[in-house]
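Bear in mind these aren't lab numbers, they're just calculated from the coordinates by the rules spelled out. Model, not experiment: these values are computed from the prediction. All Cβ positions, even for glycine, are placed from backbone atoms using ideal geometry, and neighbour counts span all protein chains on display.
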């Protein structure tokens, strides 16, 4: 037995599409397409520019770097510190692995892929200044690493923060050594 409510439902669901339905669907489709077109430039603007993508990977030849020498190269708009550490520097870095004054504790082995080479991003983790210590005669602090003159942060030869307001060690970039005596960063 059909009730009045069942009959009304059947009438509504079985009615043919009319002009008003078409207008609703067309309007919703155009609004969705217009919204997508309006938002696309904002999303596309978040992609890195061509010059940043070009510098996403760099290759550095390590063969001409002498023991104890420090080299700075530019990677993604930031300085990249490459240090060929001497045996004394490596021993000092390992000796400080268990030191109690490490603000951001990390072992030397966790910060390098080969003991001889330290590769860090040369930007202070406090407010983004560039620490001194890459050139001969620069202040390097008590641990022979880097000194940030902006606010006094001191880093050791493993790039670990030892004193000052910097909350973290110098950041490590992604890198791999190649077969030709170089390194690929990025």
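Of all residues in the range 72-89, how many are assigned to a helix (DSSP H, G or I) and without any contact (Cβ under 8 Å) to a residue 60 or more places away in the chain?
2
Report yes if residue 65 is within 23 Å of residue 168 (Cβ to Cβ) and touching a strand residue (DSSP E or B) at 6+ places or on another chain (Cβ under 9 Å), otherwise no. Reasoning before the result, please.
Values: within 23 Å of residue 168 (Cβ to Cβ): no; touching a strand residue (DSSP E or B) at 6+ places or on another chain (Cβ under 9 Å): yes.
No.
Can you tell me which residue within the range 150-181, out of those that are assigned to a strand (DSSP E or B) and touching a helix residue (DSSP H, G or I) at 6+ places or on another chain (Cβ under 9 Å), is nearest to residue 86 (Cα to Cα)?
156
In the range 132-149, which residues are surrounded by 15 or more Cβ atoms within 10 Å (Cβ to Cβ) and either out of contact with any strand residue (DSSP E or B) (no Cβ under 8 Å at 6 or more places or on another chain) or not in a loop (DSSP other than H, G, I, E, B) (or both)?
Once the filter is applied, which keeps residues that are surrounded by 15 or more Cβ atoms within 10 Å (Cβ to Cβ) and either out of contact with any strand residue (DSSP E or B) (no Cβ under 8 Å at 6 or more places or on another chain) or not in a loop (DSSP other than H, G, I, E, B) (or both), the range 132-149 yields 132, 144, 145, 146, 147.
For residues that are outside any loop (DSSP other than H, G, I, E, B) and exposed (fewer than 15 other Cβ atoms within 10 Å of the Cβ), scanning just the range 99-131, find the one that is nearest to the chain's Cα centre (by Cα).
The selected residue is 110.
How do the pairs read when you match residues in the range 146-161 that are on the phi > 0 side of the Ramachandran plot with residues anywhere that are part of a loop (DSSP other than H, G, I, E, B), using Cβ under 8 Å and keeping only pairs 6 or more apart or on different chains?
If the second residue must be part of a loop (DSSP other than H, G, I, E, B), the pairs left are 152/164; 152/165; 159/169; 159/170; 159/172.
Within the range 105-131, count every residue that is over 26 Å from residue 183 (Cα atoms) and touching a strand residue (DSSP E or B) at 6+ places or on another chain (Cβ under 9 Å).
1
For the range 30-63, enumerate the residues that are surrounded by fewer than 10 Cβ atoms within 10 Å (Cβ to Cβ), part of a loop (DSSP other than H, G, I, E, B) and free of Cβ contacts under 8 Å to residues at least 12 places away in the same chain.
The answer is 46, 47, 49.
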